[in-house]
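Written out below as structure tokens is the structure these notes cover.
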Amino acid sequence: MRSLRNELDAKVIDRSDGAQIGILFEARIPDVGTKRFLQFRCADGRDFEFPVPLNIKTALEAKEWVCKWMDLKEWEIRT
């Protein structure tokens, strides 16, 4: 699988133990600037890299922001 995190040689900011919460990383994108993303796996096994605000400091905070942005009332962590 192609990964934005690998392609941009990104810096990992925070990593959770569960793949469904994910990895918060920061990357410098040419002609755009520094951006942060959450890389995570959804419950059906698909992988996503979702942009989040620069002020987010943890993977859990990023996942909560993504769920709020998507207007999800609940999210489940499966092990």
remark   = With criteria (1) outside any loop (DSSP other than H, G, I, E, B); (2) of a type in the set (D, E, K, R); (3) at pLDDT below 95, D31 comes up short on (1)
key: Selection status of R5, out of contact with any Phe, Trp or Tyr (no Cβ under 7 Å at 6 or more places or on another chain) and at pLDDT below 95   = no
query = Do you know which of the residues in segment 14-34 that are touching a residue at least 40 places away in the same chain (Cβ under 8 Å) and farther than 17 Å from P53 by Cα is surrounded by the most Cβ atoms within 10 Å (Cβ to Cβ)?
reply = S16
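Listed here are the residues, each with its yes/no results for (1) assigned to a helix (DSSP H, G or I); (2) of a type outside the set (A, V, I, L, M, F, W, C); (3) at pLDDT 80 or above.
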| position | (1), (2), (3) |
| --- | --- |
| D9 | no, yes, no |
| G18 | no, yes, no |
| F37 | no, no, yes |
| F48 | no, no, yes |
| E64 | yes, yes, yes |
| K68 | yes, yes, yes |
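The values are calculated or read from the model by the stated rules, or taken from the named source; none is laboratory data. Computed from a predicted structure; not experimentally measured. Cβ sites come from the backbone with ideal geometry, for glycine too, and all protein chains shown count toward neighbours.
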